[in-house]
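What follows is a single structure, written as structure tokens, with notes after it.
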Amino acid sequence: MQFTGPGRPLELAARSPASPGPGQVLLRVAACGVCRTDLHVVDGELPWPGHPVVPGHEIVGRVVETGPGVEQFRSGERIGVPWLGWTCGRCDYCATGRENLCDQAKFTGYHFDGGYADYALADSRYCFALPVEYSDAEAAPLLCAGLIGYRALVMAGEARRLGIYGFGAGAHIVAQVARFQGRQLFAFARPGDIEARKFALALGASWAGDSTAMPPEPLDAAILFAPVGALVPAALRAVAKGGTVVCAGIHMSDIPSFPYEILWGERRIVSVANLTRRDGTEFLKLAPRVPVRTKVETFALEQANEALARLREGRISGAAVLLMG
Ligand SMILES: [Zn+2]
Ligand SMILES: [Zn+2]
């Protein structure tokens, strides 16, 4: 299913799988998560990559062929491909453990063809072995919702009282890790979204309310998964002095101006950009220990447009995953 330009639905196309080049693996895709970033690409909120591309960066697949020089994976092995598809390895960011910020970075399902397909090519150095505890569909959301959520949680520091705005794929995974770490959880959903609030409470939140409401006590940190800039000042008002507001999405609508007073008191606003391979290794080791259980709604490959539409409308509970036949 390929993306041919902003505002156009993905179109079904037939292509032959390419042979893997040096360092690459060819995968038979088993499942691919549908992420909000895919929506930002399809809706033109991220710059047009300049060529048609197959979206999808939460790829679970089995190696069918390895290119020259691939040693860490073998034919038949199940592996995962995340958003970070390639980095230069030489710039200041790469040299200081911040490859997520590499200026030359290339991303799966954006610069490179991704997993809304039966086959995918990937640079094996950026792929991960996957924990055996998860089925193909259950493993897919770990690869972005899980990884980026985990990076956002680390950015929230030692926060004991943690707020989460937007209770979708990322939030439902982070909530489980946060509870495992003994944090108290406060969930904020779209006004009137009773289902999301119930879901959050079932995952151990001690309070769930509308995103416009104030929590019953001040928070130490808040993570924003919803791409809504107006939530930044709302979250700043909800955190105590010294608190952190973590913006976890790749795109957000403009943030309205707000009085300095709500930032004062050493409150901080930070963003999370992409992931490092280290985030992946750490999180995929942690997930089965929690254990994180992912709630997925599956769609056939040909239903990719429907899955995206449902995500856009906020009508997915947990994570949407394409399951290949
Ligand atoms: Zn670099
Ligand atoms: Zn993603």
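The values are calculated or read from the model by the stated rules, or taken from the named source; none is laboratory data. Owing to the predicted nature of the structure, the values given are computational and were not obtained by experimental measurement. All Cβ positions, even for glycine, are placed from backbone atoms using ideal geometry, and neighbour counts span all protein chains on display. Accessible surface is based on the protein model in full, side chains and every heavy atom, while ligands, DNA and RNA are left aside. Shrake-Rupley method; radii C 1.70, N 1.55, O 1.52, S 1.80 Å.
To the nearest 500 deg cm²/dmol, what mean residue ellipticity at 222 nm is calculated for the chain from DSSP H runs of n ≥ 4 alone, each contributing -39,500 (n - 2.57), summed and divided by the residues?
Helix-only estimate at 222 nm: -6000 deg cm²/dmol.
Pick out, in residue order, every one of the GluC sites (Glu not before Pro) in the range 129-187 that is DSSP loop and has at most 11 other C-beta atoms within 10 Å; say none if there are none.
Taking the range 129-187 and a limit of 11 other Cβ atoms within 10 Å, the loop GluC sites (Glu not before Pro) found are 158.
How would the range 190-325 be classified by its alpha-carbon gyration tensor: rounded, prolate or oblate, with rounded meaning a/c under 1.5 and the a/b versus b/c comparison settling the rest?
Prolate, because a/c is 1.5 or more and a/b exceeds b/c.
Relative to the longest principal axis of the chain, what angle (0 to 90°, nearest 10) does the C-alpha long axis of helix 145-155 take?
40
Does the range 99-159 classify as rounded, prolate or oblate by the C-alpha gyration tensor (a ≥ b ≥ c root eigenvalues; a/c under 1.5 gives rounded; else a/b over b/c gives prolate, otherwise oblate)?
oblate
Determine the shape class of the range 261-325: with a ≥ b ≥ c the square roots of the Cα gyration tensor eigenvalues, call it rounded for a/c under 1.5, and otherwise prolate if a/b is greater than b/c, oblate otherwise.
Oblate.
Taking loop as defined by DSSP and a crowding limit of 13 other beta carbons within 10 Å, which trypsin sites (Lys or Arg not before Pro) in the range 46-88 fit?
Answer in residue order: 74.
Compute a Gaussian network model of the chain, connecting alpha carbons closer than 10 Å, and tell me which residue from 137, 230, 31 fluctuates the most.
Maximum fluctuation in the GNM of the chain, among the listed residues, is at 230.
Heavy-atom accessible area per residue, the chain, 1.4 Å probe: how many Å²?
44
Which whole number in µm²/s is D for the chain by Stokes-Einstein, with the Kirkwood Rh taken over Cα pairs at 25 °C and 0.890 mPa s?
Answer, rounded: 123 µm²/s.
Going through the range 15-118, which GluC sites (Glu not before Pro) have at most 11 other Cβ atoms within 10 Å and a DSSP loop state?
71
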